[in-house]
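Accompanying notes for the structure given below.
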Amino acid sequence: MALAAERSASSNAADESRAALIAMTLYVNGWNPAMLVPDAHDWPRATRRSLRLAGRDDLAQHFIVSAVIAAAGGTPIAAAAGLYKELSDARDGSGFSFSDIAADRAGERFGGLATQSDESAREIQRRVAAGVRDADVMPGITGLVDNMPEAEFQRRFGGVGAPAYNNVIEDITRRVMALALYK
């Protein structure tokens, strides 16, 4: 984002944020940039580091993928993709995770703000370039239920749209919106 801020001085800030989010998505997920830019096969490899949010690498992945989807297609599409992933996990994966949804929602907000307008993009770039911590971009996940198979998710929360489910989603939204970066 520091490079995006620097480049935004002479170009579109939202476009620079989008480019930064794409680069971060590739890096966080360990994806080769050559999948998007064939010439990247000849580029030097970036040093791999473990990137985590709330101590978990999967939350960093949820966050950045949701941010880039929100930046490219809008927050409703990013929200739908994140929910689909959790419902799929509940059926035959690691289980439904409200912590993952929290990372998705934070990423959606970040990606939306980073690209919604020139002014908003510049502000996010400036603030991130100045330095952020996990707790600046990702809400706390204490008390959120994870690893629920579909039957348990249905039993405990009634499924998507049920009052118990909606209460947790509202809590997650409050947690995300309480972060100073997203106000």
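The values are calculated or read from the model by the stated rules, or taken from the named source; none is laboratory data. On a predicted model such as this, the values are computed, not experimentally measured, just so you know. FYI the Cβ positions are ideal-geometry reconstructions off the backbone, even for glycines, and counts take in every protein chain you see.
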### Query
Any chance the stretch 127-146 includes a residue that's in a helix (DSSP H, G or I) and either farther than 21 Å from LEU51 by Cβ or aromatic (Phe, Trp, Tyr) (or both)?
no
### Query
Which residues, taken from the stretch 89-125, are within 19 Å of ALA9 (Cβ to Cβ) and touching a helix residue (DSSP H, G or I) at 6+ places or on another chain (Cβ under 6 Å)?
ALA114, THR115, ASP118, SER120, ALA121, ARG122, ILE124, GLN125
### Task
Being surrounded by fewer than 19 Cβ atoms within 10 Å (Cβ to Cβ) and of a type outside the set (Lys, Arg) is the filter here, so list the residues in the stretch 55-74 that pass it.
GLY55, ASP57, ASP58, ALA72, GLY73, GLY74
### Task
State whether the residues of the stretch 33-45 include one that is within 16 Å of PRO139 (Cβ to Cβ), outside any helix (DSSP H, G or I) and aliphatic (A, V, I, L, M).
no
### Message
Given the criterion surrounded by fewer than 24 Cβ atoms within 10 Å (Cβ to Cβ) and not in a helix (DSSP H, G or I), identify the matching residue among SER120, SER88, SER94.
### Response
SER94
### Query
What residue, of ALA103, ALA19, is surrounded by 13 or more Cβ atoms within 10 Å (Cβ to Cβ), among the hydrophobic types (A, V, I, L, M, F, W, C), part of a helix (DSSP H, G or I) and out of contact with any His (no Cβ under 6 Å at 6 or more places or on another chain)?
ALA19
### Query
With respect to the numbered conditions (1) at pLDDT 95 or above; (2) more than 21 Å from LYS183 (Cβ to Cβ); (3) out of contact with any Phe, Trp or Tyr (no Cβ under 8 Å at 6 or more places or on another chain), which one is the sole condition not fulfilled by LEU87?
(3)
### Summary
For the stretch 158-183, the count of residues that are touching a residue at least 40 places away in the same chain (Cβ under 8 Å), in a helix (DSSP H, G or I) and under 14 Å from SER97 (Cα atoms) equals 3
### Query
Within the group VAL160, VAL128, which residue is under 18 Å from LEU87 (Cβ atoms) and among the β-branched types (Val, Ile, Thr)?
VAL160
### Task
Kindly indicate whether LEU144 is surrounded by fewer than 19 Cβ atoms within 10 Å (Cβ to Cβ), in contact with a Ser or Thr (Cβ under 6 Å, 6 or more places away or on another chain) and of a type in the set (A, V, I, L, M, F, W, C).
yes
